[in-house]
Amino acid sequence: MLKQYAAYPLLAQHKQRLTEQTLCDLFAQQPDRFQRYHRVAADWTLDFSKNRIDDSALAELLRLAEQTGIADKRDALFAGEPVNHTEQRPALHTALRSQDTQPLIVDGEDIRPLIHSTRQQIQRLCEQIHGGQWRGFSGQPIRDVVNIGIGGSFLGPKVVIEGLQPYRHPGIKVHFIANIDPADMQETLNRIDPATTLFIVASKSFGTQETICNARACRAWLQAAGVAEADLAKHFVAVTANVAKAVAFGIDARNVLPMWDWVGGRYSLWSAIGLPIALGVGYQHFCQLLDGARAMDEHFCEAPLTDNLPVLLGMLGIWYQNFWHARSHGLLCYSYYLRSLVDHIQQLDMESNGKSINRLGTVINYRSGAIIWGGEGCNGQHAYHQLLHQGNQFTPVDFILPLLSHHPEHQAQHRILVANALSQSQALMQGKSSGQISDELRAQGLDAAAIEALLPHKMVPGNRPSNTLVTDRLTPHSLGALLALYEHKVFVQAMVWGINPFDQWGVELGKQLSDTLLERLQDPGAPADQDSSSNGLIRLYHRALDV
């Protein structure tokens, strides 16, 4: 579908033309590039001047967005149309942070009251726990909250809890159990007291294998500590669509918060899945997070394409993947508090756009879905930045940077952090020429032969593109806007590629196969009816149990 649009061959021509110009050439031709190529919205400034574009290429990229009908498809998303066509569902995560009071009908029901009542449930639980009214089996107030969930029920809340540590509630510490590896659970249990711990079981079906297995183990841990069956409800709440299963587990029906089919897991932190966020940083800060996301939603809906941050980020990604043949995209977060952002965006992007079939059910013949990777700066500068600067893979990156620290007493350190972020983006653009290196080596006293031998090893080609996203300070509002920005960027790219970003059938296959293999692992006498590799590995598992 992508290649059918009139803008496509013109963009291919622009790419060929710009191959002959370096970023340094473009800056020389346009000394005002920052002024031309930066935009501001919802607490964030996007500097995209260090990209291999000029006015003509950018205009054609935006024409491609227009030709793919991005505005109409965006409006369909917000209106609650079934944009997830393989499951015949809308994708209404944006409704969770909207203040619109107009009815929004899904399956014959106005979902606005459902959202409002769920917010009230979250607020009530926060008031009870923060106020000390909610007490455990021994009469002590809750001090630790453990979220048991995986995928979107884990990654989104975790990145927000870490991102908003300066806003954390002084009486509550939030922990996460996601991995089915028992070490994950046990290391968490070692740090908490049964008498003062509340578990949140987050599973839409209340049947997610990893989540329910871990929840049962945590329930057994409480019982081993002396918690009577009648008191288990004092230590559990649930976020699920299956109230009956949660009640059968031992959770009071009044403490079961809803999940809905019109919210995908990787978009669910704005829903009751965000309960650990509200408990960890306070309900008002949770509301400010939603407000920040709503500000980005409004910008996405109202700003012209030329000024629209999600559209610009999305189309620049299209530019590099489909015309410059980039295979991956790096996220370089110059904030300790954003150290888990890459994990969340990996799921958001790769689970959404990791598709090779378009909406018509046919195989696409162009690249879709980048490999998302990266991590925390400045740590990455002493690891994978080497590949970015001197490797032979074309890898665009986003630098993400709060300009101010929550710890002004350590301003000198933060200033160094900012300097490193800016210098890395500058170094990717400028590189280091043979003339510069020769002059430096000559000044160090090296002779011509030594310089000639070292020169190719020290060359840094530069001309490598990057975006820089900056905000004054990381707050609930700015973090909400940042997360919504990347949600909408992913949506823009999916619409241009003609794929459905809201299903994940590839994930389901592994779950199905796991059930069969689990039966073989539980029974040493089970038939060896799998492939030879699986049969051999199953035998090794049983042999290890016998040692």
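The values are calculated or read from the model by the stated rules, or taken from the named source; none is laboratory data. Just so it is clear, the model here is predicted, and its values are computed rather than measured. Here the Cβ is made from the backbone with ideal geometry for all residues, glycine too, and neighbour counts use every protein chain on show.
Has the stretch 213-234 got at least one residue that is touching a Ser or Thr at 6+ places or on another chain (Cβ under 7 Å), in contact (Cβ under 8 Å) with a residue 40 or more places away in the chain and surrounded by 18 or more Cβ atoms within 10 Å (Cβ to Cβ)? No: zero hits. In the condition set (1) surrounded by fewer than 20 Cβ atoms within 10 Å (Cβ to Cβ); (2) within 23 Å of the chain's Cα centre (by Cα), GLY264 is compliant with all but (1). Taking the stretch 242-256, which residues are surrounded by fewer than 22 Cβ atoms within 10 Å (Cβ to Cβ), touching a residue at least 24 places away in the same chain (Cβ under 8 Å) and more than 13 Å from SER205 (Cβ to Cβ)? Matches in the stretch 242-256: GLY250, ASN255.
In the stretch 529-547, the residues that are assigned by TED's automatic domain parsing to the domain that holds LEU518 reach residues that are assigned to a helix (DSSP H, G or I) and not β-branched (Val, Ile, Thr) with C-beta atoms within less than 6 angstrom, at least six apart or across chains, in these pairs: ILE538/ARG520; TYR541/LEU521. Being assigned to a helix (DSSP H, G or I), surrounded by fewer than 21 Cβ atoms within 10 Å (Cβ to Cβ) and touching a residue at least 24 places away in the same chain (Cβ under 8 Å) holds for only one residue in HIS414, HIS406, HIS389, HIS344, and it is HIS389. The criterion of at least 3 residues that are within 24 Å of the chain's Cα centre (by Cα) and closer than 17 Å to SER268 by Cβ is met, among strands (runs of 3 or more DSSP E) falling completely within the stretch 123-240, by 197-202. Among the residues that make up the stretch 311-333, is at least one of them more than 20 Å from PRO396 (Cβ to Cβ) and assigned to a helix (DSSP H, G or I)? Scanning the stretch 311-333 turns up no residue that is more than 20 Å from PRO396 (Cβ to Cβ) and assigned to a helix (DSSP H, G or I).
In summary, helices (runs of 4 or more DSSP H) completely within the stretch 11-108 and bearing 2 or more residues that are touching a residue at least 12 places away in the same chain (Cβ under 8 Å), of a type in the set (D, E, K, R) and over 29 Å from HIS477 (Cβ atoms) occur at 55-67. Just to be sure before I move on: is TYR320 of a type outside the set (S, T, N, Q) and either within 24 Å of ALA178 (Cα to Cα) or under 15 Å from the mean Cα position of the chain (by Cα) (or both) in the structure I sent? Spelling it out, it is not the case that TYR320 is of a type outside the set (S, T, N, Q) and either within 24 Å of ALA178 (Cα to Cα) or under 15 Å from the mean Cα position of the chain (by Cα) (or both).
Scanning the stretch 377-401 for residues that are closer than 24 Å to ASP43 by Cα and at pLDDT 95 or above yields PRO396, VAL397, ASP398, PHE399, ILE400, LEU401.
The single residue among ARG359, ARG367 that is among the basic types (Lys, Arg) and touching a helix residue (DSSP H, G or I) at 6+ places or on another chain (Cβ under 9 Å) turns out to be ARG367.
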